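Asker: Got a structure here, written out as structure tokens. Questions coming.
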Amino acid sequence: MGTIPFMRPPDLNEAYQVGDLVEAYCDHDKGDQRVKGWLKGTVVQIDSKLIAVQFRTNVYLTDGWMVPDHILWYPEASTQVRKK
């Protein structure tokens, strides 16, 4: 099997793994109100530059739209995601 070309080699010591519990800074529901703050979630997918975090509560995009699958994508080096 041939090698696959890439711009930079994959980092085998990635900061996150699928299944990691994290906290992410986002708009979400807390009780009857929508707030912006840290919310617990689970890493469900990782690609070369982004991580996907899924939550158990409603989360919202910056422009106010609710995300139906409860998944937000963050840059891998984002300061708005931290390990739990």
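The values are calculated or read from the model by the stated rules, or taken from the named source; none is laboratory data. All of these numbers come straight from a predicted model, not from anything done at the bench. Using ideal geometry, Cβ is built from the backbone for each residue, glycine included, and neighbour counts are taken over all protein chains shown. Accessible surface is based on the protein model in full, side chains and every heavy atom, while ligands, DNA and RNA are left aside. Shrake-Rupley method; radii C 1.70, N 1.55, O 1.52, S 1.80 Å.
Asker: Could you tell me how many of the residues in region 27-43 are open to solvent by less than 80 Å² (accessible area, probe 1.4 Å) and either closer than 11 Å to HIS70 by Cα or in contact (Cβ under 8 Å) with a residue 40 or more places away in the chain (or both)?
Answerer: The total comes to 3.
Asker: For region 44-70, give me the residue count where each residue is open to solvent by 40 Å² or more (accessible area, probe 1.4 Å), hydrophobic (A, V, I, L, M, F, W, C) and closer than 12 Å to CYS26 by Cβ.
Answerer: 2
Asker: Hey, PRO75 hits all of (1) of a type outside the set (Val, Ile, Thr); (2) open to solvent by less than 50 Å² (accessible area, probe 1.4 Å); (3) touching a Leu at 6+ places or on another chain (Cβ under 8 Å) but one; which does it fall short on?
Answerer: Exception for PRO75: condition (2).
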